[in-house]
Amino acid sequence: MKPAIILSKTLPDDLRQRLDAHFNVTDIDGLTPENLDKYAHAFQQAEGLLKSGGQVDATLLAAAPRLRAVSTISAGYDNVDVEALTQREIVLMHTPTVLTETVADIMMALVLASARRVVELAEFVRANGWDGSISPELFAIDVHHKKMGILGMGRIGMALAQRAHFGFSMDILYHARKPHSEVDSRYKARYTDLETLLRESDFVCISLPLTEQTYHLIGRDQLAMMKKSAILINAGRGPVVDESALIEALKQGAIYAAGLDVFEEEPLPMNSALLSLPNVVALPHVGSATHETRYGMARDAVDNLIAALSGKVEKNCVNPQVLKS
């Protein structure tokens with residue numbers, strides 16, 4: 001008999017057929033409290049869960065006593081109680097590799113859009129403001145040959161460093177848990193402490209997960225260390241930056257601009273002060289949102305769940321200690 005699983009995300013037809021070939025699938029529209037009640041019997045029987053958004057917490061785990069594996073269509077997993085899964089010896093799988101290049105692309109796009117005031121000037125043209133040569137108050141700043149500081153030197157950080165160093169002749173600083181000799185040699189990068197990175201960088205680019213250590217890592221004091229001409233880019237997780245402190249810094253001109261794909265509250269409230277500031281480029285958390293990458297993430301998540309429930313996990317496991325127990 002095929003294992004029973006819960007699917008809370010619509011998949012492309014070919015991937016859904018692959019899932020059906022291995023499992024008895026129950027489709028639900030999101031991991032909501034209402035669906036936990038509505039599909040209580042399915043959760044009681046489920047050995048696997050394939051999800052995108054939604055919380056995997058103690059309430060869900062209590063409703064799914066037979067659960068052996070969770071596969072999330074994402075690189076991040078801050079909406080999953082990893083400790084609780086590990087205690088229950090439930091494998092957590094994610095998709096960290098397929099989105100690397102696409103997220104690095106969006107980070108470089110935010111660098112360019114923020115520095116060159118692309119959104120602001122496009123709106124200026126749309127509003128019929130362009131009636132001749134623009135005046136200096138609409139001038140932007142260069143990107144090439146500047147200094148980029150990268151917080152977090154994982155796959156995405158390395159891909160961003162490649163674009164910045166080889167594409168724009170930028171000097172690379174980075175702050176991470178440890179130095180990376182490959183990064184140092186390939187991109188002529190320099191490992192620094194956080195304060196040095198903030199004080200010296202023209203672009204501070206955040207590619208960090210959300211943890212207890214990274215929550216509000218960039219706050220009022222850190223923003224005050226940055227150059228007035230510096231730009232903050234965040235495509236990691238919103239709460240890594242204290243948003244109220246960022247708004248204050250942007251309003252006061254303490255930093256030049258910000259390019260943001262993630263926020264403390266998502267979707268970003270329409271009354272957020274960020275939306276009224278001309279020196280902010282705000283995107284709706286679209287770092288991985290291309291047709292090719294989202295398909296690849298779903299494909300990897302399907303493969304991850306098959307591997308986890310067949311005992312053949314070789315990669316993409318968040319809590320590999322469960323496999324050794």
note = Candidate cut points under GluC sites (Glu not before Pro) in region 244-325, DSSP loop plus at most 15 other Cβ atoms within 10 Å of their own Cβ, are GLU265, GLU314
task = Averaging sequence separations of C-alpha pairs under 8 Å and six or more residues apart, then dividing by the length of region 100-282, give the relative contact order as a whole percent.
result = 21
note = Scoring the chain by relative contact order with C-alpha pairs under 8 Å, at least six apart, yields a percentage of 19
note = Rounded to the nearest Å, the spacing of the alpha-carbon centers of region 259-325 and region 67-109 is 7
task = For region 30-52 and region 170-198, compute the distance between their C-alpha centroids and round to whole Å.
result = 44
ask   = Antiparallel DSSP bridges in the chain: what percent, to the nearest 5?
value = 5
task = Return the calculated 222 nm mean residue ellipticity for the chain, to the nearest 500 deg cm²/dmol, obtained by summing -39500 (n - 2.57) across DSSP H runs with n ≥ 4 and dividing by the residue count.
result = -10000 deg cm²/dmol
ask   = Once Rh for the chain is found with the Kirkwood sum over Cα pairs, what is the Stokes-Einstein diffusion coefficient at 20 °C and 1.002 mPa s, in µm²/s?
value = 100
ask   = Given LYS147/LYS315; LYS178/LYS227; LYS2/LYS315; LYS38/LYS312, which pairs have Cα atoms separated by over 28 Å?
value = LYS147/LYS315; LYS38/LYS312
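We did not get these values from a lab; they are worked out from the coordinates using the rules stated. Please read these numbers as outputs of a predicted model, since none were measured by experiment. FYI the Cβ positions are ideal-geometry reconstructions off the backbone, even for glycines, and counts take in every protein chain you see.
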